[in-house]
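Notes for the one structure printed next.
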């Protein structure tokens with residue numbers, strides 16, 4: 001008969017096996033197994049939510065904000081460890097100074113109505129993913145930010161199903177100091193913003209950017225900020241008529257955009273090697289962002305090279321402006337080497353005169369191709385002269401009281417030194433062009449055509465000799 005201090009054989013074996021396992025249980029891998037895979041942030045709350053989030057991320061790789069929970073007064077930075085995930089089912093609120101710093105391989109995901117208000121997501125790592133987020137608030141300058149504080153080089157950023165509304169900027173990229181390759185911004189809804197829905201600014205080092213499948217509406221800067229209030233804007237750095245690669249925003253696609261109620265829908269400055277396609281716009285008028293100092297146009301292109309605009313439909317809207325890069329009134333570079341195809345603009349029911357399509361292009365070794373245009377109550381206006389200009393399958397109807405349907409001005413307008421003009425052996429090719437007024441009469445204004453290098457067929461208006 002034993003007592004409490006007596007070991008049985010079974011007890012002895014259990015004890016000795018536990019002692020044998022002690023070195024393994026102290027191993028980091030074993031401790032990692034003991035760590036929970038997901039935690040509820042509410043369990044870590046003591047006095048403030050930033051502290052709760054920071055301690056929760058130390059406890060588990062996934063931190064959840066459950067439904068009905070409101071994490072309020074987030075007023076400082078919360079750094080997400082590499083590989084962690086923030087799952088938002090409830091609501092996180094801040095005062096505009098709170099942010100989540102999203103590090104390497106981090107995810108921020110919304111689920112079941114999860115929202116962030118007056119909180120910024122500050123991207124500072126590669127392989128980051130944001131999805132299904134509802135974000136709002138005028139506290140931060142931007143709801144999602146990628147700027148100089150990010151690493152020198154990043155890759156693979158995915159932002160999908162973002163609803164950004166009632167805020168300043170939706171997504172703001174300041175790209176001069178670093179680079180990011182492989183960006184996918186898809187399936188978003190941007191509404192009631194003061195700043196831009198997506199601003200990709202001075203992004204001269206970035207490559208492989210896709211911005212697609214977005215609704216952009218009610219972008220209206222009323223706070224007096226200059227250059228605010230654009231739908232989707234991309235910009236390089238210093239204008240240069242030689243278009244050096246290292247100064248341009250490049251290798252991007254903007255596609256499948258539906259927009260309404262803003263001053264500009266898509267905007268590119270100093271860009272190269274890009275495509276803008278499948279754009280549908282309504283009510284792009286000067287009624288919005290009246291003091292922002294930006295042109296009214298559905299698509300505005302300034303000082304760009306080697307690009308394509310394709311399949312663009314505009315209704316009751318300003319059309320397109322493709323023009324010089326301008327700094328402090330100086331014309332520094334002119335668009336070259338581009339194609340404009342399959343464009344429809346219908347302003348028959350607009351009470352105001354809106355911009356049609358205005359193109360300035362030039363340089364001695366460049367081409368411009370404009371094909372398949374259908375403009376109603378709008379004009380096509382072309383200035384300056386590239387080396388080769390092709391106009392094909394163009395139908396324009398413009399009301400007489402609003403001016404000619406087609407203007408071809410091959411003069412030195414805005415180019416008094418002839419700096420951007422292709423002066424010699426310029427090929428102008430016109431085919432299947434119908435430019436009329438509401439009476440069906442030819443409505444064309446042309447000057448400075450050299451017949452030596454002109455090819456005309458199926459044009460319903462007389463082409464004058466070169467004027468002086």
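The values are calculated or read from the model by the stated rules, or taken from the named source; none is laboratory data. What you are looking at is a predicted structure, and each value in this text was computed from that prediction instead of being measured. Using ideal geometry, Cβ is built from the backbone for each residue, glycine included, and neighbour counts are taken over all protein chains shown.
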Tally, over the stretch 328-355, of residues that are more than 23 Å from the chain's Cα centre (by Cα) and surrounded by 24 or more Cβ atoms within 10 Å (Cβ to Cβ)
1
Of all the residues that make up the stretch 166-185, how many are part of a strand (DSSP E or B), surrounded by fewer than 18 Cβ atoms within 10 Å (Cβ to Cβ) and at negative phi?
3
Hey, residue 213 hits all of (1) in a loop (DSSP other than H, G, I, E, B); (2) out of contact with any helix residue (DSSP H, G or I) (no Cβ under 8 Å at 6 or more places or on another chain); (3) closer than 21 Å to residue 274 by Cβ but one; which does it fall short on?
(1)
Can you find a residue that is within 26 Å of residue 201 (Cβ to Cβ) and without any contact (Cβ under 8 Å) to a residue 60 or more places away in the chain anywhere in the stretch 83-90?
no
State the number of residues belonging to the stretch 232-256 that are buried (at least 21 other Cβ atoms within 10 Å of the Cβ) and under 21 Å from residue 187 (Cα atoms).
5
Would you confirm whether or not the stretch 295-309 contains a residue that is touching a helix residue (DSSP H, G or I) at 6+ places or on another chain (Cβ under 8 Å), touching a residue at least 12 places away in the same chain (Cβ under 8 Å), more than 16 Å from residue 196 (Cβ to Cβ) and surrounded by 21 or more Cβ atoms within 10 Å (Cβ to Cβ)?
no
Note: among 103, 114, just one is modelled with pLDDT of 95 or more and in contact with a strand residue (DSSP E or B) (Cβ under 7 Å, 6 or more places away or on another chain), namely 103
Just to be sure, is residue 96 surrounded by 20 or more Cβ atoms within 10 Å (Cβ to Cβ), in contact (Cβ under 8 Å) with a residue 24 or more places away in the chain and more than 19 Å from the chain's Cα centre (by Cα)?
no
Being in contact with a helix residue (DSSP H, G or I) (Cβ under 9 Å, 6 or more places away or on another chain), more than 14 Å from residue 93 (Cα to Cα) and either outside any helix (DSSP H, G or I) or modelled with pLDDT under 95 (or both) is the filter here, so list the residues in the stretch 49-65 that pass it.
63, 64
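Kindly indicate whether any position in the stretch 323-344 is in a loop (DSSP other than H, G, I, E, B), in contact (Cβ under 8 Å) with a residue 24 or more places away in the chain and closer than 18 Å to residue 403 by Cα. Break it down stepwise before answering.
Of all residues in the stretch 323-344, those in a loop (DSSP other than H, G, I, E, B) come to 324, 328-329, 334-335.
Those still in the list that are in contact (Cβ under 8 Å) with a residue 24 or more places away in the chain too: 324, 334-335.
Narrowing the set further to residues that are closer than 18 Å to residue 403 by Cα leaves none.
No, the stretch 323-344 contains no residue that is in a loop (DSSP other than H, G, I, E, B), in contact (Cβ under 8 Å) with a residue 24 or more places away in the chain and closer than 18 Å to residue 403 by Cα.
Would you be able to tell me the number of residues in the stretch 345-369 that are under 19 Å from residue 287 (Cβ atoms) and in a strand (DSSP E or B)?
Here is the first cut: in the stretch 345-369, the residues under 19 Å from residue 287 (Cβ atoms) are 345-356.
The next check asks that each one be in a strand (DSSP E or B); those that pass are 345-346.
Going through the stretch 345-369 one residue at a time, the tally reaches 2.
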Under the condition of being at pLDDT 95 or above and surrounded by fewer than 17 Cβ atoms within 10 Å (Cβ to Cβ), which residue from the stretch 133-150 is nearest to the chain's Cα centre (by Cα)?
141
Set 248, 235: member being farther than 27 Å from residue 286 by Cβ and at pLDDT 95 or above:
248
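Looking at 219, 211, 198, 204 in this structure, which one is within 19 Å of residue 122 (Cβ to Cβ) and crowded, with 19+ Cβ neighbours inside 10 Å?
Numbers: 219 fails: within 19 Å of residue 122 (Cβ to Cβ); 211 fails: within 19 Å of residue 122 (Cβ to Cβ); 204 fails: within 19 Å of residue 122 (Cβ to Cβ).
Testing whether each residue is within 19 Å of residue 122 (Cβ to Cβ) and crowded, with 19+ Cβ neighbours inside 10 Å leaves just 198.
Would you mind finding the one in 229, 259 that is crowded, with 23+ Cβ neighbours inside 10 Å, under 13 Å from the mean Cα position of the chain (by Cα) and more than 22 Å from residue 340 (Cα to Cα)? Working first, answer last.
Working: 259 fails: more than 22 Å from residue 340 (Cα to Cα).
None of the other options fit; the residue is 229.
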